[in-house]
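The values are calculated or read from the model by the stated rules, or taken from the named source; none is laboratory data. All values reported here derive from a predicted model rather than from experimental measurement. Because the Cβ atoms are built from the backbone with ideal geometry, glycine has one as well, and the counts that use them run over all protein chains shown.
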């Protein structure tokens, strides 16, 4: 998701076809040309060594975990249908964009993101309770 995103969205087809216990949203400040230029050049020149040599010169990418939601929570989220206007969460009269696919959606502010919230998922990953 982009750094300025205000909504957590899950493609409805993906949600219905794959069952995940939880969903995590990460805001990534990835410049559009971050990997495009080296990959294009390598494909054009058929040389993977070109990608390897350029990777070290790529600028740093910033990322921020926006939060997570359990599947049961996402099931209750609003659905934006393809072609429907997606408004700003705090001001529903302000249009942000038009949905390109059917999506489950909730404002980022509704995601779980406290230290206490993270104890459950991190404990499952570690295989032990987190204190």
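Residue 73 falls short on exactly one of the conditions (1) without any contact (Cβ under 8 Å) to a residue 60 or more places away in the chain; (2) part of a loop (DSSP other than H, G, I, E, B); (3) closer than 29 Å to residue 120 by Cα, and that condition is (2). Could you list, in sequence order, the residues of segment 23-48 that are modelled with pLDDT under 95 and under 30 Å from residue 120 (Cβ atoms)? Result: 26, 27, 28, 29, 30.
Here segment 76-89 is the region considered, the condition is being surrounded by fewer than 15 Cβ atoms within 10 Å (Cβ to Cβ) and touching a residue at least 60 places away in the same chain (Cβ under 8 Å), and the residue that is farthest from residue 23 (Cα to Cα) is 88.
Considering (1) out of contact with any helix residue (DSSP H, G or I) (no Cβ under 8 Å at 6 or more places or on another chain); (2) farther than 19 Å from residue 26 by Cβ; (3) surrounded by 11 or more Cβ atoms within 10 Å (Cβ to Cβ); (4) at pLDDT below 95, the lone condition that residue 51 does not fulfil carries the number (1).
Each residue in segment 90-117 was checked for being at pLDDT 95 or above, in a loop (DSSP other than H, G, I, E, B) and either in contact with a helix residue (DSSP H, G or I) (Cβ under 6 Å, 6 or more places away or on another chain) or exposed (fewer than 13 other Cβ atoms within 10 Å of the Cβ) (or both), and 3 of them qualify. Among the residues of segment 77-88, those identified as within 23 Å of residue 14 (Cα to Cα) and assigned to a loop (DSSP other than H, G, I, E, B) are 77, 81, 82, 83, 84.
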